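Notes for the one structure printed next.
Derivation of every value follows stated rules applied to the coordinates shown; laboratory data play no part. Quick caveat: nothing in here was measured; it's all calculated off a predicted structure.
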Amino acid sequence: METNLRQLAFEYGLPTEALVFSNIASRDEHLHRLSLADVFLDTPSYNAHTVGCDTLYAGVPMISLLLPDNDSKNTSDTCQDVRTDKLASRVGASLIKAANIPELVASDMVQYEEFMFRCVVDHDWYNNIKSRLNKQTRNLLP
């Protein structure tokens, strides 16, 4: 998998150091590594569960897709077969809402991509979310 991902990164002109692969680590090291990320992109059809909790605990904003109930299948051209009508595809949105940052739950793939972009270009918005997330996790977790 690492070879394939590095090849894709190369094909898209991304620097090879943009992808970081690591070995299994202790929980403390795992959380430390997560905290180095700027944003966590939740996979739409099968969401992060424990890693999503760990990511939010580490203070990293997470973006997830949750299609409206009346549109359980995404109809956008960017990802036609994405579904979010099963428990496994709804966990990320629930975690994000529980962390009190519901504005990171996208209602379609276009919005999902817009949130990714906004995390990069809108520093005030991103820092506000990160600050709120850190405050929330400090208040809820030991």
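Structural remarks
- Counting 0.36 nm for each residue step from residue 25 to residue 4 and taking away their Cα separation leaves a gain of 5.2 nm.
- Derived scalar couplings between HN and Hα for the range 35-41 equal 5, 7, 6, 8, 7, 10, 9 Hz in order, rounded to whole Hz, by the Karplus curve 6.51 cos²θ - 1.76 cosθ + 1.60 (θ = phi - 60°), x for Gly and Pro.
- Segment residue 97-residue 134, extension gain: residue separation times 0.36 nm, minus the distance between their alpha carbons: 11.9 nm
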